[in-house]
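Here's the structure, in structure tokens; my notes come after.
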Amino acid sequence: MITIYPAEIIKTDTGVRLQAPFKMNNMENVLWYEVEEKYGDFLTTERADAFVVGLLWLAIKKVQNIEVVAPISERLYFTLNNYLIPVLSKQYGKKTIKIRCSELAGQPVGNTGAVGTGLSCGIDSFSTICDHLHSEFQNYNITHFTFFNVGSHGGKRAQKLFTRRANNSRACANELGKELITIDSNISKVLRMRFESTHTLRSMSAVLTLQKLFNVYYYASYAPLDYFHMDKRNPAYFDPFTLNMLSTESLHLFSSGVNRTRFEKTRMVAHYEPSYKYLNVCVKSAKNCSKCWKCLRTLLSLEIIGKLDNYGSIFNLNRYYKERARYISKVLEKSSSDIFLKEIHDEMVRTNFKK
């Protein structure tokens, strides 16, 4: 049994922290999320939603029911118990667990009506900005950007990478005239699980801490809806389902960009000038290394589109050209088994791209 106790807000030397103690098999621990002090008033103590979602993978993995000694949003309680948990448990070959709580909260948490999205400055992130920063739908236009430290920045170097990457995102947010909200957390130390297979719940647990701020939140999609399927290694393939199950009476979560392929997103981003200064796709360092698989995939796509030279200030193009032939060979070899390389290969054929 995992027992989650009521959350509290405390001040730290670096900000304001929302934390909740929990107990599993008589071992006590604390899960926390920290924001800058100016966002402290938006932290949600009235619901245990963030902590239930944050600890859900741990409960499923350990086959532990969850007892919550605090209110949970009624919609979330309903969708988790009836839909998301049974689906995830079956997918991972685990016995279905149950959540029980002391109080259901059916009324929305009052919020400011803000609209958020993550600003990693990657292709998926920038395509979300292109779609939802200045659209005709005023109540759904982005008002705030976020940047989380919930596992995507690795292990020992995580805090340093988080800080350096956040600086790039903050500069971009400033240029776009929006605030950047950073959230730090100890969720990686609590879960001790691979980020890639748990990222959606980790990230949305951070969003759920700010239900007093956000009414709408866009989580950038990984792949188009055409590739929807249950995948143990990468839950991004079924994000449209998961995000609906994690929405509450107060917070509406959307999988943005599911209507486009990665190459289509890249083409759209390549015509968006802020990306020429801030695009950041590297999986190895805070700046684009120009030779990891993700940098090379992006750079080849940009070359095919005819926009590569616009990115010379943030990529080492000489380094790319040294790797280019080898990477094109990989695209040709692996295009039948990798959906993103297939998109590139198909575009090379369509445009008669000169290798």
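A short reminder: the numbers here are calculations on the coordinates, not readings from a lab. Everything numeric in this text was worked out from a predicted model, so none of it was measured. Note: ideal-geometry Cβ built from the backbone for every residue, glycine included; neighbour counts use all protein chains shown.
Once fully extended, how much extra length lies between GLU179 and HIS229, figured as 0.36 nm per residue of separation less the alpha-carbon to alpha-carbon distance?
Working: separation 50, 0.36 × 50 = 18.00 nm, distance 3.47 nm.
The span from GLU179 to HIS229 would gain 14.5 nm if fully extended.
Using alpha carbons only, what's the Rg to Rh ratio of the stretch 251-355 with Rh from Kirkwood? Intermediate values should be presented prior to the final figure.
Numbers: Rg = 13.9 Å, Rh = 14.4 Å.
Using Cα coordinates only, the ratio equals 0.97.
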*Computed on alpha carbon atoms, what radius of gyration and Dmax characterise the stretch 50-89, expressed in Å?*
9.7, 25
*Quick one: P(r) of the chain from all Cα-Cα pairs, 20 Å bins, percents rounded to integers, in order of increasing distance.*
29, 57, 14, 0
*In units of 2.2 N^0.38 Å, what is the alpha-carbon radius of gyration of the stretch 73-137?*
1.64
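Just order 11-19, 120-128 by mean Cβ neighbour count inside 10 Å, highest at the front, would you?
Values: 11-19: 15.6, 120-128: 24.2.
Peptide ranking by packing, descending: 120-128, 11-19.
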_Rg in Å to one decimal, and Dmax rounded to a whole Å, for the stretch 16-97 via C-alpha atoms_ = 14.0, 43
*Looking only at ILE142, ILE97, ILE339, which one moves most when the chain is put into a Gaussian network model with springs between Cα atoms under 10 Å?*
ILE339
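Calculated from DSSP H runs of 4 or more alone, at -39500 (n - 2.57) each and per residue, what is the 222 nm mean residue ellipticity of the chain, nearest 500? Present the calculation step by step, with values, prior to reporting the outcome.
Working: 14 runs with 134 residues, N = 355.
Mean residue ellipticity at 222 nm (helix-derived): -11000 deg cm²/dmol.
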*Check SER256: other-chain or 5+ apart residues with amide H under 5 Å from its amide H, H built from backbone geometry?*
TYR219, ALA220, SER221
*Ordered by residue, what ³J(HN,Hα) values in Hz, to whole numbers, does the stretch 176-192 give under the Karplus form 6.51 cos²θ - 1.76 cosθ + 1.60, where θ = phi - 60° and Gly and Pro are x?*
8, x, 10, 7, 10, 9, 9, 10, 9, 7, 9, 4, 5, 5, 6, 6, 6
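Counting pairwise Cα distances across the stretch 72-196, what percent come out greater than 17 angstrom?
Values: 5444 of 7750 pairs.
Roughly 70 percent, once rounded to a whole number.
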*asked:* How tilted is helix 123-132 with respect to the longest principal axis of the chain? Cα atoms for both, answer in degrees (0 to 90, nearest 10).
replied: 80 degrees
*Run the numbers on the chain and let me know its relative contact order in percent, using alpha-carbon pairs under 8 Å that are six or more apart.*
16 percent
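Nearest-5 percent of antiparallel DSSP beta bridges in the chain? Provide the component values of the computation, followed by the final result.
Working: 18 of 45 bridges.
Taking every DSSP beta bridge within the chain, about 40 percent pair in antiparallel fashion.
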*Amide H of CYS101: which non-local residues (sequence gap of 5 or more, or other chain) have their own amide H closer than 5 Å, using H built in the peptide plane?*
VAL68
*Per residue, how much space in cubic angstrom lies within the convex hull of the C-alpha atoms of the stretch 156-217?*
104 Å³
*Report the trypsin sites (Lys or Arg not before Pro) located in the stretch 209-283 that are in a DSSP loop and have at most 11 other Cβ atoms inside 10 Å of their Cβ, or state none.*
LYS232, ARG233
*Which angle from 0 to 90°, rounded to the nearest 10, does the C-alpha axis of helix 158-175 make with the longest principal axis of the chain?*
70 degrees
*If you plug each phi of the stretch 85-94 into the Karplus form 6.51 cos²θ - 1.76 cosθ + 1.60 with θ = phi - 60°, what whole-Hz ³J(HN,Hα) values come out, in order, with x for Gly and Pro?*
4, x, 5, 5, 4, 5, 4, 9, x, 10
*Name the residue, out of GLY113, GLY177, GLY40, whose mean-square fluctuation peaks in a Gaussian network model built on the chain with Cα pairs under 10 Å.*
GLY177
*asked:* Running a GNM on the chain with Cα contacts under 10 Å, which residue among LEU176, LEU55, LEU104 ends up with the highest mean-square fluctuation?
replied: LEU176
*In Hz, Karplus ³J(HN,Hα) per residue of the stretch 341-355 (6.51, -1.76, 1.60; θ = phi - 60°; x = Gly, Pro)*: 5, 5, 4, 5, 4, 4, 6, 4, 5, 4, 9, 6, 5, 7, 6
